[in-house]
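The values are calculated or read from the model by the stated rules, or taken from the named source; none is laboratory data. The structure presented is a predicted model; accordingly, all values stated were derived computationally and were not measured. Positions of Cβ are generated from backbone atoms using ideal geometry, with glycine treated the same way; all protein chains shown enter the neighbour counts. Quick note on the areas: whole protein, heavy atoms, side chains included, nothing else; ligands and nucleic acids left out. Shrake-Rupley method; radii C 1.70, N 1.55, O 1.52, S 1.80 Å.
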Amino acid sequence: MLSWLQDLRFGYRVLRKSAGSTTLALLTLGLGIGANTAIFSVVYAVLLQPLPFAQPSRLVTFRGGDSALNIRDFDKWSQTLSGLGGFAEWALEYTGRGEPRSIPSALTTGALFETLGTKPLLGRTLTANDDQVGGARVVVASDGFWKSMLNGEERAIGGKLMLSGEPYTLVGVMPAGFAMPRGTGQLWVPGAVGYAEAAPARGAHIFYAIGRMRDGVTLQQVQAEIDTLGKRISESYPDEERDRKWTAMSLHERVVGRIRKPLLVLLAAVGAVLLIACLNLAGLVLAKALSRGQEIAIRSALGATRLRLMRQLLCESLLLAVAGGAAGVVIAYFGLNLLLGLKPEGVPRLEYVRVNWMALAFTLGISLLAGVLFGLVPAFQLSRSGSAGELHTTCRVASRGFRGYPMRRLLVVAEIAMALVLVTGAGLLIRSFAKLRSVDPGFKPNRVVTLNLQLPVTRYQEIKKQEEFWTELERRLKTIPGVESGAIVSELPLGGSTIYHNTVVESGPPVAVGKEPEILTHEVSPRYFATMGIPLVQGRDISERDNASSEHVAIVSESFVREHLRGRNPIGERVRFARDESKTWFTIVGVAGETKHTGLDLDNGPAIYTPVAQKGEPWRRWGVVVVKSKSADVDGLVPAIKQQVWSIDPQLPLAEALTMDEVMAASVARQRFSMTLLGLFAGCALLLAMVGVYGVLSSLVSQRTGEIGIRMALGAQPADVLKQFAGEGGRLVALGIVIGFVASMMSMRVLSTLLFEVKPGDPATLGVTAAMLAATATLAIYLPARRASRIEPMSALRRE
């Protein structure tokens, strides 16, 4: 133990003696460890940390959405599941305390809370008995809502909350950290109470089903049973469920499945950055250690064993690594806040991300590993060469001029190769993102601001009242100063919400019940297409004349004409929704251009637009206000828009207003997140690799100063020396690029699912990144090579 303490004290003195290089090493290592710790914190919280439910490994779900009736039937018939429930993201209007607010909430069905197994902090949870049409209005609140809105008072249990115009009784509060697998719900109400229209609708596939497997049951057994029960449902209800298949999967897989690959790619990338940093430091430590050849030789001559020498050098490396790990924790803390500040859409469970004990244990582990990685090679190299021969210093060139250089060359080549792989990956994502952003969304987002509204059922249950509200609001939007045009749409393009209807084309061939094509549907007001900049390629727009007392009309998309009218003139054709009990026919009066609805990289297929003033669905009580400004100051219109809404209904809560540019940016936030981080890591890797090239050549120049002096004294020209060292660096960079090119071709396939209209082996990207790396390396090569060419022969010889 005493000898270990001596090694640590001596190592500390050695590091303190060379404060400059030690500080550089700490920053380099701290950056690598900090970035790894930050990304690991995200990976652990999102992928590795168990879901916040009882025995989460036994929870399963179905791919896609389902109806409350289907969930009820599966729960009643299943022998492999001990419970099955569901939830659907919803919004509730909270009034009674200040300005009306729209609260992110969820509808629950069946024994959802019992299935999840999480006990409430106060009161009770919702049960299957609560989920009854006409049942008591009860609500469960999140810990955050309870503390922020109800001051964390226990007496709030049993009290009343005004939600969507109705008094709900607060029966429970969930513990901190509880959340549904999707959404940001703060309140939970029984689905059959909060949205009664969906309770009897077999085709209302809005619920996210969650079941719990019985003890000893496997996922394969659940799937086999669901296949049988699903067939029973599809045969019993062909109107809604004909030929439908249900796929069972683990709840954890559904929550994190889409984001697993991007996060693992980022973890591998940041791990490569740390490895490059370790290789770089190994080269620097080796170069520094070579200057201690006499010290090592003296200690060896005095009886120090090879193991003893290696231990001393490893102690110094571990000291540096632990200090770098401490710096990495600080960098990780601030870096994690910066990372979360990017607000990556589509990354679940970000609320659980923090630098916790698992992240600190990870930091300690990689710090020790880093210490071994960049300390073992120099320790092995020097402990093997320590001998009495090092005591002779008459010719430094002969004794140490080249020792360690082959190893440093290998380290630098490896750095360059890995840096090229990362830069290539970043280049592919950047090019893919550029192509994604260049996609024509089908509308013009400039100067358009949006505002989401949801009409409460208590005041707007009848279709007539809904039509009156939307018509009056659309009329008032035109009176706002600075408004070029304004309109209403039920589902905003790229807004995250879509409604599909089975549709019948009057002139089309007969289609079996339940097999009618599913068409994307929207309700719009007059001037919607003009406000959004969606072109009308044929026919006319919807007008004020298209109301409840006139002929029902519709506008269809170009793809609808291609796929379902097959070249026939669409104007005058009629369509209707297959499940509409009134069997109302809509006459097509126009054709609109294609628009993107769920993503710039996705094709949503045909669409139908019907007038808001000809509503046939009382349950569709939501809408989005879209207003186009005459000037670039769209934010200045928001207060005026809110005032117009409140002038019609002062109790109506309003969500946050967003510009269409912000909506589009949010739709590609996940791709931007991956691109930004991988680009940042690639930049760090490139910088570290160039530092490695510079360090190797600078060290070589220092070691061969005497040789250079002799050559120049014998007639060598500065250009010859410059060419020699530039060639040394150029060969290292060229070899690293070749190896990196091969590695890139082999590894870029993992990015294939993250790319849009770009192939993993895209030659243009590979060529540009290789050229960029070579150009950057030229500067790192030129500086030490120029220094070598300017050495004065006499000064160099006097040093020797």
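Overview of results
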| item | result |
| --- | --- |
| Within the accessible area of segment 19-77 (1.4 Å probe), percent carbon and sulfur | 65 |
| Computed label-point distance, nm, for sites residue 221 and residue 665 using a 7 Å Cα→Cβ extension | 5.2 |
| Mean ellipticity per residue at 222 nm, deg cm²/dmol - from DSSP H runs of n ≥ 4 across the chain, formula -39500 (n - 2.57) | -16000 deg cm²/dmol |
| Label-point separation, residue 176 to residue 656 (7 Å along Cα→Cβ), nm | 2.3 |
| Whether segment 650-800 is rounded, prolate or oblate, judged on the alpha carbon gyration tensor where a/c under 1.5 counts as rounded | prolate |
| Cα-only Debye scattering, segment 149-264: base-10 log of I(q)/I(0) at q = 0.19, 0.24 Å⁻¹ | -1.19, -1.39 |
| Filter on 478/630; 465/628; 435/596 - keep pairs with C-alpha separation over 19 Å | 465/628 |
| Largest-first principal axis extents, alpha carbons of segment 325-368, Å | 35, 16, 12 |
| Filtered trypsin sites (Lys or Arg not before Pro), segment 109-165: DSSP coil and at most 16 other beta carbons within 10 Å | 124 |
| Residue 132-residue 264 pseudo-label distance in nm [points 7 Å out on the Cα-to-Cβ vector] | 4.8 |
| Share of carbon and sulfur in the accessible heavy-atom surface of segment 709-800 [1.4 Å probe, %] | 67 |
| Label-reachable residues, segment 499-532, where backbone N falls under 19 Å from a point 7 Å from residue 440's Cα toward its Cβ | 529-532 |
| Beta bridge orientation in segment 95-191: antiparallel %, DSSP, nearest 5 | 55 |
| Estimated Rh, segment 147-202: Kirkwood, alpha-carbon pairs, angstrom | 13.2 |
| Accessible solvent surface per residue of the chain, calculated while the other protein chains remain in place, 1.4 angstrom probe, Å² | 44 |
| Cα point-scatterer Debye curve for segment 10-163, base-10 log of I(q)/I(0) at q = 0.13, 0.18 Å⁻¹ | -0.80, -1.24 |
| Fraction of accessible area attributable to carbon and sulfur, segment 603-683 (%, probe 1.4 Å) | 55 |
| Space enclosed by the convex hull of the alpha-carbon atoms of the chain, per residue, Å³ | 209 |
| Ratio Rg/Rh, restricted to segment 479-577 and using Cα atoms, in which Rh is the Kirkwood radius | 0.99 |
| Relative contact order (%) - criterion: Cα under 8 Å, at least six apart; region: the chain | 16 |
| Cα-based equivalent ellipsoid of segment 615-668: semi-axis lengths in Å, sorted from largest, via gyration tensor | 22, 18, 10 |
| Difference of contour (0.36 nm per residue) and Cα-Cα distance, residue 499 to residue 27 | 164.6 nm |
